[in-house]
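Notes for the one structure printed next.
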């Protein structure tokens, strides 16, 4: 019963986020994020249908659909990267290199693991690849968050809500995967209870943050006469201070 | 179990940084992007640290202490030592505040640089951290022993402050001031609200 309630609440919130996104125009601003939401909604509906109509097939499709949504969730990282650093080209260039290197590392690691055939079954291969992709996603997100915090990057309310919800979801999910893959812990009660609650909490954050379209901070246009004057004044003040510094050094006994 | 610890740390760090970002965004909205005024203030603060660092060696001058100990009465000597100690403590606290402000400005300005260099960032951060560490030790020494003992540590801290400011000065030259907001601008938007 409890599982059903969480499922219904979660799916309803997903639908609300998607519908509100289309209604207020956020869908155009964050197309990759909403593609991910659409992907998760589709997965939930397919999961429910298979659970109701053919319970045996649910086990078979669970991990492949989970893998598909994890891969799709990388689009959210790209969206956060694109939107938050679009005015900070220097940092964006550096971050892009780090993200691409990390992504190449993940793909090569996964491909090597698959080619070496170190997995017992195809099912466990998908499960472990999903887990590793989630870990790498967590690492990428950590780098992004560190950059945003360190360089005090300005974020609009919509993007901030998106990042907070996503970080909460990935942060808890990463720990959950680690707990779930501990030997003998596959059916542990804690991770099984933690995930649905986090899921609903994340969707609530997104629902509230993306309810309306909020303006994003932007850079001003250049070339204002007033600013040119201020620049000139700043340079003059700097030269004066430097000159007085030299004067003091000369006067020192 | 060995995997669980780093992964748990990773997950926790993500949540902690997300909370930090949320809190910081609230503060940043009240005090938006770096303005030309901030840029000019950073230059002034920098020059003032350079200037004061050059002058402050006098406070810690051992010759003064020796002269007072030789020529003045015990009351005057005691008053002199107390004054110097108070002044040295005040100055060090002020310098710490200035350097912290410069570091904050650097981080806010860093987004506007043409070509950020990771090595430069690392060097600046290392210098900042070593100054903070040295200044903590110096404050303790000043408080315990006064301004005329532990001179090596004090001069090291002063040297680190100067070194940080030199590095910061190079960094400030890389900022593109044309991309900064003027002092009167505040929260800019892509579209009308």
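The values are calculated or read from the model by the stated rules, or taken from the named source; none is laboratory data. Worth saying up front: this structure is predicted, and the values here are computed from it rather than measured. Note that we place each Cβ from the backbone using ideal geometry, even for glycine, and neighbour counts take in every protein chain shown.
Could you please let me know if residue A:48 is surrounded by fewer than 16 Cβ atoms within 10 Å (Cβ to Cβ) and part of a helix (DSSP H, G or I)? Here the answer is yes, as residue A:48 does meet what is asked. Checked against the criteria, residue A:154 does not count as farther than 23 Å from residue A:60 by Cα, free of Cβ contacts under 8 Å to residues at least 24 places away in the same chain, buried (at least 20 other Cβ atoms within 10 Å of the Cβ) and facing chain B (nearest Cβ under 10 Å).
Listed here are the residues, each with its yes/no results for (1) within 30 Å of residue B:58 (Cβ to Cβ); (2) surrounded by 13 or more Cβ atoms within 10 Å (Cβ to Cβ); (3) more than 10 Å from chain A (Cβ to nearest Cβ); (4) at pLDDT 65 or above.
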| site | (1), (2), (3), (4) |
| --- | --- |
| B:110 | no, yes, no, yes |
| B:114 | no, no, no, no |
| B:124 | yes, yes, yes, yes |
| B:130 | yes, yes, yes, yes |
| B:134 | yes, yes, yes, yes |
| B:143 | yes, no, yes, yes |
| B:152 | yes, no, yes, yes |
| B:156 | yes, yes, yes, yes |
| B:180 | no, yes, no, no |
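In the set (1) at the interface with chain B (Cβ under 9 Å from one of its Cβ atoms); (2) surrounded by fewer than 22 Cβ atoms within 10 Å (Cβ to Cβ), residue A:136 fails one condition alone, (1).
Kindly indicate which of A:38, A:21, A:90 is farther than 19 Å from residue A:142 by Cβ, touching a strand residue (DSSP E or B) at 6+ places or on another chain (Cβ under 8 Å) and in the same structural domain as residue A:202 (by TED's automatic domain parsing).
Working: A:38 fails: touching a strand residue (DSSP E or B) at 6+ places or on another chain (Cβ under 8 Å); A:21 fails: touching a strand residue (DSSP E or B) at 6+ places or on another chain (Cβ under 8 Å).
The unique qualifying residue is A:90.
Flag not set for residue B:59, criterion: more than 28 Å from residue B:131 (Cβ to Cβ), at pLDDT 70 or above and touching a helix residue (DSSP H, G or I) at 6+ places or on another chain (Cβ under 9 Å). Yes or no: the range A:171-179 includes at least one residue that is crowded, with 18+ Cβ neighbours inside 10 Å, modelled with pLDDT of 80 or more and touching a strand residue (DSSP E or B) at 6+ places or on another chain (Cβ under 9 Å). The answer is no; no qualifying residue exists. Residues in the range A:93-116 include none that are in a loop (DSSP other than H, G, I, E, B), in the same structural domain as residue A:175 (by TED's automatic domain parsing), over 18 Å from the mean Cα position of the chain (by Cα) and without any contact (Cβ under 8 Å) to a residue 12 or more places away in the chain.
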